[in-house]
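Have a look at the structure below, then the notes.
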Amino acid sequence: MIAPAAIAEVHDHLPTISEIIETMTFRAGYNTTLVIAGTLLLGVAAGVIGVFALLRKRSLMTDALSHATLPGIAIAFIAASTLGYNGRSLPVLLVGATVSGVLGVVCIQAILRHTRLREDAAIGIVLSVFFGAGVVGLSYIQRNHSAGAAGVNGFIYGQAATMRPSDVALMGGIALIAILSSLLLLKEFSLVCFNDAFARVDGWPVTVIDLLMMGLVVLVTVAGLQAVGLILVVALLIIPPVAARFWTNRLWLLVLLAGAIGGLSGYFGSVVSALLPRQPAGAVIVLSCGVVFSISMVAAPARGVVATSIRRLRLRLRIAGDHLLEAAHEERAPVISRETIVALSRVRGWPAPFRSLMVFLLRRGGLIAKAANEGLRLTEAGVERGARVSRNHALWEQYLVSYADIAPSHVDWSVDQVEHVLSDELIRDLERRLAERAVALPQEPAS
Amino acid sequence: MKFSVASDLFPLLAGVLAALTCGLLGNFLVLRRQSLMGDAISHSVLPGLVIAFLIASTRSPLVMFIGAAVAGMATVILVELVKTLGRVEPGAAMGVVFSVLFALGVLLIEQAAARHVDLDAECVLHGQLESLVWYDAPDSIDALLSFKAFANVPRQIWTLVGMLTASAAFVLLLFKELRLAAFDPAMATTQGFNATVLHYLIMLFVAGATVASFDAVGSILVIAMLVCPAATARLLTDRLGPQIVWSLLIATGTAVGGYAVASIVPAWFGRDAVNAAGSMAVTAGVLLSAAVVFAPRHGLISRVVRRRLLASKVARDDLLATLYRAVEAGGPIAIGQARRLLAGRSPSRVIARAGRLGLVHIDGDVVSLTAAGRAEASEVVRRHRLWEHYLVGEAGLAPDHVHATAEQLEHLDAAPPIGPASDPHGRPIPARDR
Amino acid sequence: MTVAYHRKPVLWDVDYDAPPNKLIAIVGPNGAGKSTLIKACLGLVPRASGQVEFWGAPYRKARSRLGYVPQRESVDWDFPVSALDVVCMGRYRRIGWFWPVTRSHKQAALACLDRVGMRDYASRQISQLSGGQQQRVFLARALAQEADLYFMDEPFAGVDAATERAIVGVLRQLRSSGKTVVVVHHDLQTVPEYFDEVILLNMRVVASGPVRDVFTRENLHKTYGGRLTLLSEASEAVARAASGEGPSR
């Protein structure tokens, strides 16, 4: 029984272009606009504070925290109703949620401190036991206060569409506070996340900063309960920072991007759920986060999978090319026959497509060219490069033999790995050391 | 509130069966620090169930099982991919995968509901134990043994029985491999039991247990039962065999207790029964807290008690040693002096207790050692001086530094084996007189 | 002072008075408690007994005059910050709560990077630095703290020759500007060359004092001549008793 997205502004037909544009530009009626703006703010807040949860390696602690809010909501409702107040008042329910959420986190810490159980078990225990208690409370409400049950149940899967303006204002307000405080404390949070021991020696109250960080996580979680639901609100804290991490290695950019991804997902989710029937906002928001995450993981230039594997492949191709040039140089064979390449491939374990790609790159780099008779020949640049690689190889080999006391017969293997990654600085250092020991240096290639 | 075979037997049985299945498998998750993988899987089987249902348009257990197993395996693989390819921290990787899959499931259910399909997202969370009614329940023993009685047993029960049997067989057959893989995966792999394969097998069974349990007890109880009984058992024992037995007992107790509480306690207040699955999860938490407090070796109380016992032994040892040194120096000492020497550790009580134990003799204002007290005191002083000797001789510490350290060490049962005649300060080391 | 780690005593009866304006090495075998000693001095691990004083004052009062270089492995180098950002962390104490890092502090941090020969790498993400370069960044951060007494945990572990030279250069600069540096060190060969004072440690202080007096074959033999098995067993027993757990079965 997911809260139906059935308010007046929701359509049963496919939306027209003008409806889409109206909704997207915040002109689709007061309520819808408020909800969209509110979820946008919530997304930004969750993305920003989620960065620190991720960097402090506490992502899943937030999952336990959000599940642990349910019994608080149920108890707050029952208590308020029994005392004759309106149990569905959002501030009351959120206070209950905060108290039991914090209690859940305290329980995790207590389990870690006083028992031999590990973090994963502690999180699982708190998550399931608290949520079970919440379910008990909900079923009690359902059977004894049937009137209020719908409002409270909505917290599990979220009910963005039925939020009242005052609810949205509360959510947006909390989100705004969270964003501002985490920007204000950016420096302190990053210090503690990176190196808490150093922070402590440097005189920072690490425990207080940690509590502030966790407090902001609690605030954002509680704020997001009604819009996104307590099972999925954790996604809004985890996914945007993880997705943003693929794009950048800068902290402030990471915070900015995570906020943007969270905000966009919140915006997009509530727009879709306002336009189309049967699209629960919480799920759409999380799925949009998921889409951004998948794109980031695959395509991001900084740390994405494609970019990383291309970089790795290029390095391997360069090393393989070096090997080929070196082999040609050592055989003093200006012409590389097809057989040579195939034989070398067999030794080195290069598959055929890799081999072709390597030859193509060498040709494009002007290191080899087509010879008259079917085969390939080294260009002048290729000869020089082959000589240089071959010399590095010899240098390193002599270093290992004369300095590291490695048996000459064992050297070749380690040399193969190293010779291609030697920096110029290191090569000069090698030459200097070998010269000190009066080891005969291989000839510098004529250039 | 009376137990009724028709309306209570199967809900209870389903709870127990689910608890046993999950409790059994949970042992390996907790040991391998993979508890949250159970959490992730039980969230993310949701889209698997819905998709399988939408494709096959049937709720037959086999179809559901296949859907859930595929989704469960997909979760494990996706988490692994995000972790290794994307270099994402394990917890966050898990969070990303299961929340996206769960959101997908929620959306699909909502879409399916448009086509008047009977799938219910809340049910997935807290199950519908109460709906497992035994129609035409047998009213006599003869009827119970007839074929007809079994024809009406709900299919959820059969699914759970099947899953429990399969899991038990899996654990029994592969017990030694599972134990090794949980303790030392690298070693297991070098021994020829591929730890990764075992890991995936466990995850497959967890996915199976989730789907077998979900429409009876809901995924929340699955998570609770995967983690809590095993964690509780881990506090009670240090060995895997007994731990599994304990976890099964605790799982059964949790299910029965939770069910009873759900139906009985509200009745006291004239209210309707509350959700049984949730109540079982809470019971699991209560049992765990009890274990945290009362466990024989690792529990809080037993640790406090042992610390107290140690403290009182330390105080007594100190009293005896003080008296022994006083005798060495010239004679028995006044109670006031002994109190001052034991400052800060309620000396009157220490002295009174030592008197009751027959270690000291209180004669008016003077405290002296009895024969038994002298024997014990000389042992304490002997250990103290042996440690001093060791710390100075072997560890090379300065003689004027070692008294405080030896003061700590003298209360241990062990003492350095070397036996010179005197300590670094030139005082005699008492001989063993026992 | 006696230091207990997880209620298990790992250092017994350490008693040492560091002379000012010296380079001091802490040397000892693995598991001797070298890192634990400086962590205990800095209040990062609890002390079972005893006290540490800096210039006659307790740690709390002296904290602003202390600098710290933790072990390189103690942090996640995949953290999204640049070398300059890390060095700026050393200035945070001066900047104070809430205020952002201003240009002048960045300049100061850059100067510190320059002193360790890392100015060209200021904008590199820290995971793209070699181990030695990372170590130099940590050193630069400590320099940015502008302390009077530095504690460095294994700064020479696994670094290249260039880094080793850079670190030694910085240590000498620090000494000539009147600072004191306590370094956990593992390379015995370089002790006499790099340091003025040495503490030989193996669960207790075997010897301490000026290098030429203390750094003798006999003392080294005592330090490295195997663990004091009885003392380690006693540590275990004290730990068990203190945590209230019974004897292990």
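The values are calculated or read from the model by the stated rules, or taken from the named source; none is laboratory data. Small disclaimer: the values here were computed from a predicted structure and weren't measured. Here the Cβ positions follow ideal geometry from the backbone for every residue, glycine too, while neighbour counts run over all protein chains shown. For accessibility, only protein heavy atoms count, side chains too; no ligands or nucleic acids. Shrake-Rupley method; radii C 1.70, N 1.55, O 1.52, S 1.80 Å.
Output the peptides B:284-290, A:236-242 sorted from most to least packed, where packing is the average of other Cβ atoms within 10 Å over each peptide's residues. Write down the numbers at each step before the final one.
Numbers: B:284-290: 20.6, A:236-242: 31.1.
Output ranking for B:284-290, A:236-242: A:236-242, B:284-290.
Over the Cα atoms of segment A:289-350, compute the convex hull volume and normalise it per residue, giving Å³.
96 Å³
Any idea which of B:237, B:406, B:159 is furthest toward the positive side of the dipole for chain B, if Lys and Arg beta-carbons carry +1 and Asp and Glu beta-carbons -1?
With unit charges placed on the Cβ atoms, the residue in question is B:406.
Treating the angle as unsigned and between 0 and 90°, give the value, to the nearest 10°, between the Cα long axis of helix A:206-228 and the longest Cα principal axis of chain A.
Helix A:206-228 sits at roughly 60 degrees to that axis.
What figure, in Å² to the nearest 10, do you get for the accessible area of residue B:390 with a 1.4 Å probe and non-protein molecules left out?
Solvent-accessible area, nearest 10 Å²: 10 Å².
Treating only the Cβ of Lys, Arg, Asp and Glu as charged (+1, +1, -1, -1), what charge dipole size does the protein assembly as shown show about its Cα centre? Round to the nearest 20 debye.
My answer is approximately 1220 debye.
With point charges of +1 on the Cβ of Lys and Arg and -1 on the Cβ of Asp and Glu, referenced to the Cα centre of the protein assembly as shown, which listed residue (C:79, B:100, A:365) lies farthest in the positive direction of the dipole?
Result: C:79, furthest along the dipole toward the positive end.
So what is the diffusion coefficient of chain C in µm² per second by Stokes-Einstein at 25 °C and 0.890 mPa s, using a Kirkwood Rh over Cα pairs?
It diffuses with D of about 128 µm²/s by this estimate.
Give the accessible area for residue A:26 in Å² (nearest 10); use a 1.4 Å probe, count only protein heavy atoms, and leave out ligands, DNA and RNA.
Accessible area, nearest 10 Å²: 80 Å².
For helix A:424-436, report the angle its Cα long axis makes with the longest principal axis of the Cα atoms of chain A; keep it between 0 and 90° and round to the nearest 10°.
Relative to chain A, helix A:424-436 is tipped by roughly 40 degrees.
For segment B:303-409, count the residues as N, evaluate 2.2 N^0.38 Å, and divide the Cα radius of gyration by that value, please.
Relative to the rule-of-thumb radius for its length, segment B:303-409 sits at 1.11.
Relative contact order of segment B:303-409: what whole-number percent is it, with Cα pairs under 8 angstrom and at least 6 residues apart? Before the final figure, lay out each step's value.
Numbers: 93 pairs, mean separation 26.2, N = 107.
Relative contact order, segment B:303-409: 24 percent.
In a Gaussian network model over chain B where Cα atoms closer than 10 Å are linked, find which of B:128, B:34, B:111 has the largest mean-square fluctuation.
Of B:128, B:34, B:111, the most mobile in the Gaussian network model is B:111.
Nearest 0.05, what FRET efficiency do residue C:188 and residue A:184 give at R0 = 56 Å with Cβ-Cβ as r?
0.70
Per-residue Cβ counts within 10 Å, from other chains only, averaged over A:376-383: what number is that? Show your work: numbers first, answer last.
On the way: counts 0, 0, 0, 0, 0, 0, 0, 0.
For peptide A:376-383, the averaged partner shielding equals 0.
What percentage of the solvent-accessible surface of the protein assembly as shown, computed with a 1.4 Å probe over protein heavy atoms, is contributed by carbon and sulfur atoms?
On the way: 29290 of 48510 Å².
Whole-percent figure for carbon plus sulfur exposure: 60.
For residue B:249 paired with residue C:61, estimate the spin-label separation in nm (one decimal), with each label point 7 Å from Cα along the Cα-to-Cβ line.
5.9 nm
For chains B and C, what's the summed buried accessible area, probe 1.4 Å, to the nearest 100 square angstrom?
For chain B against chain C, roughly 1900 Å² becomes buried.
Reported to two decimal places, what Rg/Rh ratio describes chain B when computed on Cα atoms with Rh from the Kirkwood expression?
Rg/Rh: 1.20.
Could you state how much accessible area is buried at the A-B interface, both sides summed, with a 1.4 Å probe, in Å² to the nearest 100?
Details: alone 23120 and 22150 Å², together 40100 Å².
That pair hides around 5200 Å² of surface in total.
What does the charge add up to near residue B:41, with Lys and Arg as +1, Asp and Glu as -1, over the other residues with Cβ less than 15 Å from its Cβ?
-3
Can you show me the helix-derived [θ] at 222 nm for the protein assembly as shown, built from DSSP H runs with n ≥ 4 at -39,500 (n - 2.57) apiece and divided by the number of residues, rounded to the nearest 500.
That comes out to -21500 deg cm²/dmol.
So how much accessible area does residue C:17 have, in Å² to the nearest 10, using a 1.4 Å probe?
Surface accessible to solvent at residue C:17 totals approximately 130 Å².
What's the whole-number percent of alpha carbon pairs in segment C:50-136 lying beyond 15 angstrom?
65 percent
Leaving ligands and nucleic acids out of the surface, order B:33, A:385, C:103 by accessible area at 1.4 Å, largest first.
From most accessible down to least: C:103, B:33, A:385.
Counting only DSSP beta bridges with both residues in chain C, tell me the antiparallel percent, nearest 5.
Approximately 40 percent, going by the DSSP bridge assignments.
Could you tell me which helices of chain B pass both thresholds, a Cα extent of 15 Å or more along their own axis and a mean Kyte-Doolittle hydropathy of at least 1.0, with helices taken as whole DSSP H runs?
On the way: long enough: B:5-31 (39 Å, 1.88); B:35-56 (32 Å, 1.62); B:61-84 (34 Å, 1.83); B:90-114 (37 Å, 1.77); B:155-173 (27 Å, 1.41); B:195-217 (32 Å, 1.68); B:219-236 (26 Å, 2.03); B:240-268 (40 Å, 1.25); B:276-294 (26 Å, 1.94); B:300-329 (43 Å, 0.27); B:371-393 (32 Å, -0.49).
Helices passing the filter in chain B: B:5-31, B:35-56, B:61-84, B:90-114, B:155-173, B:195-217, B:219-236, B:240-268, B:276-294.
Using a Gaussian network model of chain A whose springs link C-alpha atoms within less than 10 Å, name the residue from A:102, A:383, A:284 with the highest mean-square fluctuation.
So, out of A:102, A:383, A:284, the one fluctuating most is A:383.
Past the 20 Å Cα-Cα mark, which pairs from A:187/C:179; C:179/C:222; C:34/C:222; C:39/C:61; A:57/C:106; A:187/C:106?
Over 20 Å Cα-Cα: A:187/C:179; C:179/C:222; A:57/C:106.
How long is the gain from residue B:311 to residue B:346 if the chain were fully straight, where each residue apart is worth 0.36 nm and the alpha carbon distance is subtracted? If you can, show how the numbers build up before the last one.
Values: separation 35, 0.36 × 35 = 12.60 nm, distance 1.16 nm.
Fully extending the segment from residue B:311 to residue B:346 adds 11.4 nm.
Could you tell me how many degrees, from 0 to 90 and to the nearest 10, lie between the Cα long axis of helix A:119-144 and the main elongation axis, the longest principal axis, of the Cα atoms of chain A?
For helix A:119-144, the angle is close to 30 degrees.
Modelling each spin label as a point 7 Å along the Cα-to-Cβ direction, I'd like the residue A:332/residue C:49 distance in nm, to one decimal.
For residue A:332 paired with residue C:49, the spin-label model returns 8.0 nm.
Can you tell me the Rg and Dmax of the protein assembly as shown, counting just the alpha carbons, in angstroms?
My reading of the Cα-based Rg and Dmax gives 35.2, 120 Å.
Report D for segment A:99-214 in µm² per second (integer): Stokes-Einstein, Kirkwood Rh on Cα pairs, 4 °C, 1.567 mPa s.
Rounded to a whole number, D works out at 73 µm²/s.
When chain A is treated as a GNM, springs tying every alpha-carbon pair under 10 Å, which of A:190, A:345, A:294 comes out with the largest mean-square fluctuation?
Of A:190, A:345, A:294, the Gaussian network model singles out A:345 as fluctuating most.
How high is the relative contact order of chain A? Use alpha-carbon pairs under 8 Å, at least six apart in sequence, and give a whole percent.
About 20 percent, as a whole number.
On the first, second and third principal axes, largest extent first, how far apart are the outermost C-alpha atoms of chain A in Å?
96, 58, 36
What is the dipole size for chain A, taken about its Cα centre, with +1 at each Lys and Arg Cβ and -1 at each Asp and Glu Cβ, in debye to the nearest 20?
380 debye
Taking the Cα centre as origin and putting +1 on Lys and Arg beta-carbons and -1 on Asp and Glu beta-carbons, what dipole magnitude results for segment B:5-298, to the nearest 20 debye?
Dipole about the Cα centre, nearest 20: 820 debye.
Measure out, as a whole number of angstrom, how far apart the alpha-carbon centroids of segment A:349-380 and segment B:324-395 sit.
Computed from Cα coordinates, the inter-centre distance equals 91 Å.
What accessible area per residue comes out for the protein assembly as shown, rounded to a whole number of Å², with a 1.4 Å probe?
Using a 1.4 Å probe on heavy atoms only, each residue of the protein assembly as shown averages 43 Å².
Counting partner chain Cβ atoms within 10 Å of every residue's Cβ in A:181-189, what's the average?
3
Using the basic label-point model (7 angstrom from Cα toward the beta carbon), what is the residue C:97 to residue A:252 distance in nanometres?
Label-label distance for residue C:97 and residue A:252, simple model: 2.3 nm.
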